[in-house]
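The values are calculated or read from the model by the stated rules, or taken from the named source; none is laboratory data. Here the structure is a predicted model, which is why all the values come from computation and not from measurement. We place every Cβ from the backbone using ideal geometry, glycine too, and count neighbours over all the protein chains shown.
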Amino acid sequence: MKGKKLSIKVSNMKYEIPREAFKQRLEDRLNFVMVDLLPADRTPAKFENVVHINYSSQFKTQFSSQFPNKNQNVILYSLETGDDAPARAANDLAELGYHFVYFYNGTPDDVVLDKGLN
């Protein structure tokens, strides 16, 4: 193998997670950054230790300046019914090279998740 270089391509991953996985991450944060894509004054739930970054044309810039580590575990979510911002934001972060991006499309009914209810 003299003169040959081994290169491994690491793909950027984004996954949609179900409600139970979202609830578990709320309870056990580990090293996840939770990002609510709705403005703080419009979100139906006030979960603790959540960053609010409105999904807009400035999202990529705002997120990458606040969280430059591309190996950071990220959960993007919105509790607005029918909002496709979490999936679009996950695509944006994967395009920027973030490796572990999860997204959750919730509803206003999810406000009970921080109270341990289903």
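Couple of notes before you dig in:
- Apart from one condition, Glu80 fits all of (1) more than 17 Å from Asn105 (Cα to Cα); (2) at pLDDT 75 or above; the exception is (1).
- Flag for Leu38 being in a loop (DSSP other than H, G, I, E, B) and either touching a Pro at 6+ places or on another chain (Cβ under 6 Å) or at pLDDT below 70 (or both): no
- Residue match in the stretch 90-98 (condition: of a type in the set (S, T, N, Q) and either in contact with a helix residue (DSSP H, G or I) (Cβ under 9 Å, 6 or more places away or on another chain) or in a loop (DSSP other than H, G, I, E, B) (or both)): no
- Residues in the stretch 14-51 that are within 11 Å of the chain's Cα centre (by Cα), under 20 Å from Gly82 (Cα atoms) and not aromatic (Phe, Trp, Tyr): Lys14, Glu16, Ile17, Met34, Val35, Asp36, Leu37.
- Sole exception among (1) among the charged types (D, E, K, R); (2) crowded, with 16+ Cβ neighbours inside 10 Å; (3) closer than 21 Å to Pro18 by Cβ for Asp28, by number: (2)
- Scope the stretch 1-35; condition among the hydrophobic types (A, V, I, L, M, F, W, C) and at pLDDT 65 or above; matching residues: Met13, Ile17, Ala21, Phe22, Leu26, Leu30, Phe32, Val33, Met34, Val35
- Yes/no for Thr107 being surrounded by fewer than 17 Cβ atoms within 10 Å (Cβ to Cβ) and of a type in the set (Ser, Thr, Tyr): yes
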